[in-house]
1. Among all lysine pairs in region 59-183 that are eight or more places apart or on different chains, how many have alpha carbons less than 19 angstrom apart?
2. With an 8 Å Cα cut-off and a minimum separation of 6 or more residues, compute the relative contact order for region 18-78 in percent.
3. Any idea what the alpha-carbon Rg over 2.2 N^0.38 Å comes to for region 95-185?
Amino acid sequence: MPLWSMGADQATSTLEEILAAEAQLAELKTRTLTQVDALDVPKQSGATSTGNWLAVHTNLTRTSAFRTVRVAAGLERYDQVREAMAEGRVHAEQVEVIVRALDDLPDDLDPNLVEEAEGHLITEASRFDAVGLKKLGRRLLEVVDQDAADAHEAKLLEKEERDAQAAMRLTMYDDGHGKVHGRFVLDAYTGAALRKMLLSIAAPKHQAATQGPLGERKPTAERMGQAFGELINRYPVGRLPQAGGMNATLVVTMTLDSLMGGLKAAQLDTGGVISASLARRMACEAGIIPAVLGGKSESWIWAGRGGSTPARDGSSSCSRSVAVRSTAATPHPG
């Protein structure tokens, strides 16, 4: 079919119609797959799972086949999402994210609140892609039940942190030509600390002072690699047994309630969040103590106990600074 005669408006509207039709076909595909599963077709053919049967029968990759199976299962649980997909209002990528966010809600949540959350994400799907919906899904409980949101987020963050700790890896090999190659997996907090350390070494002021004027301002991948090497070479060997994990000046802000045992997440100055339990553990490991600066409208500042170097303003330069703020206070790094 020739398309050369299409104008801008017609081409745009046609593309939108095609995307809606693709979503409708995807919904029909998931319903058909559900029927295939109900008829025990995969088991009768000797397949170990519906996903494996779909991959073999259709020559799809297993990744794509199992994703289709997950979407089909999710649509069986959430009628509003199925209806929206059948009408072409959400596509498969969005559906997968929406289903995962709904599945992450507490099991004992009121079914009416689950339906409200489902409707909220479907509405937002008209404005956000799968990445945006994933971020919204993280805060979904706050929309329907603010009281339970902090406790739920604490559980999710603690699970993510445990999984990240279990997944930490480092592999290196020498290529025999003077270079060592490697790959690593770190938890988000340690990764943020490493980035802070490397950026401080790769910063233009530091590089200009040690290597002369620089023609570019933003650290390149090459300069970041050099900073990584400098970090390793400059680290005092005698401190290795005692200094694990205490090298990044990363500011953690938490409410007084979280410090005293609450569940509200702590904020990193990099924009990330960590669980309150991890922030409290960091405070204990860093050997820091709270100091009240004055009236009840002022912040709580956590200062290190020994081993830190006083800054020009009199504060301590700790490996990790934790600022605990009261309701009306502005956070200050310790």
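Since every read-out is calculated from the coordinates, none of them should be taken as a lab result. Source: prediction; values computed, not measured.
1. Details: Lys134/Lys155; Lys134/Lys159; Lys135/Lys155; Lys135/Lys159.
The number of close lysine pairs in region 59-183 is 4.
2. Working: 35 pairs, mean separation 19.8, N = 61.
This gives 33 percent for region 18-78.
3. Details: Rg = 19.0 Å, N = 91, 2.2 N^0.38 = 12.2 Å.
Normalised by 2.2 N^0.38 Å, the Cα Rg of region 95-185 equals 1.56.
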